[in-house]
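Working notes, structure below.
Each reported figure results from applying straightforward, stated rules to the coordinates on display, with no laboratory input. Please read all numbers here as calculations on a predicted model, not as lab measurements. Cβ coordinates were reconstructed from backbone atoms using ideal geometry, including for glycine residues, and neighbour counts include every protein chain displayed.
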Amino acid sequence: MRPALLAFLPCAILGVVAALEGVADARDPQGVTGPQAVSNAEDLLRRARQARDAGRWVEAEAAYELALEAADAAWTTDAERAEIAAELGLCELALAMYRDAADHLAQSLRHRDALGGGLARRAEEGLKKAESRVVTFYLGVSPPDAEVSVDGKALGRPAPTYELFLEPGHHTVRARLDGHTEVVSTFEGQAGKESSLTLKLPRAPERGEAGAAGVGPVRAAEPVGPAARATARAALPLTELRIGGAALATAALAAGTVFLLRADVVHDNLAERDVVFRRQRGWTSSTCWWPNAPEACAEIRDDVAERALFATLGKVALATGAVFGMATAASFLAEGWILDEAPARGGVRVAPSATGTQAGLVLQGVW
C-alpha cells in the first residue's frame, strides 16, 4: 500500500501543476512567454476578428484587450501591437467607451507608419470622434521625476510631460517627490476641449522652518498657453531626438574624417608625382601652365580638383557634425532651464568628439 501511495503522489503533484499552468495560460496572457505566448496572441486575435466581423463588439473588445496583453508578453513588434491597439480602440469606440478608445487609438497612431493606410485613416477618424467626447489633458511636471496621480490613480513611470484623456468633469491632480513639498491641483474638464496644467514642486523647507510655518501640501497650478503646450508635445520624443542627434553627429564627423583622409592621400600622390616629374622630365612648377602643356597635366589638374573637393566636403561634414553635437549637448542644459532644474547629475551623457585622425563619441556618467 505504501509503495503505491508513494508512486501516486508525484503523479498527483504533476497533475495539479499542469492544471494551474492551464488556468494561467487561459486567464493570464502574461503568465506565459515565448512560442506559447505567440500562439495565445494569434488565437485571441482570430477570435477577436471573428467577433468583430459578426458585430459582437463586447466579445471583440474583450478578445482584443487580451490579445494586446498577450502581444506584450510575446515580445511582438511595434507594428503588430499598434494594429491590435487600433482595432481595440475602434471596438471601444463602437461601445461608447470613449476615454479607453482615445487612449488606444492615440497609442496606435504613435506608430502610424506601421499601420496600413486604411487602418490608419480609420484610427485617425476614430480618435477625432473619441476626443470630441473626452477631455484632452496636457500635464507638465517639474521636477520631472515626481510621482503623479490623477483622481487617485498613479500615472506610472515619471515623465516631464503627459498627454491624457479624461472623462468630462472635476479632476484632482497630485504630485509628490522626496525633498519637495507636495502639490495638489483641481480643474474642470469639458468634453471636446483641451486642458493644460503645469505643477512645480518647491523644495521642502528645513525642519525648523517647516515646524514654524506648518507647511502642508501646496495647492498651486499654472495654466499652460498654446506655446507652452506645443513645447510639452515637442518634449515627448526628447530622448529619441538626442539619440538621433548623437548618431548624426557621429556619422557626419566620421564622413568628414574620411573625406579629409582621402584629400590627404590625393595630396601625397600629387607630391610624389611632382618629385618624379621634376627629376625625370625636368618639370617646374609652371610647366602645366604652358600653352602646350604635356598631356600628363590634365591628370594632375583632375587630381588637384579631386583634392579640393574632398577637402571641402570634409570641412563641411566636420562642421555639420560639430553643430549636431553641440545641439545634442545643449539639449541637456536646455531641459534644465525649461524645467527650472539643474541638469541631472546621474545617468550617462553622450558627446561627439573628433580629432585630425579620429572621430567618435565620449560617454560620461556614473554606472
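A few comments on the model shown:
- Cβ-based exposure ranking for I84, I243, I300, in which fewest neighbours within 10 Å come first: I243, I300, I84
- Sorting M326, M97 from the fewest to the most surrounding beta carbons within 10 angstrom yields M326, M97.
- Listed by chain and number, the lysines whose alpha-carbon sits under 24 Å from that of K193, ignoring those within fewer than 8 places in the same chain, are K128, K129, K153.
- Interchain or long-range residues, amide H under 5 Å from L201's placed H: S142
- Under 5 Å from the amide H of R133 lie the amide H atoms of G192, each residue being 5 or more positions distant or on a separate chain, with H modelled from the backbone and absent for Pro and chain starts.
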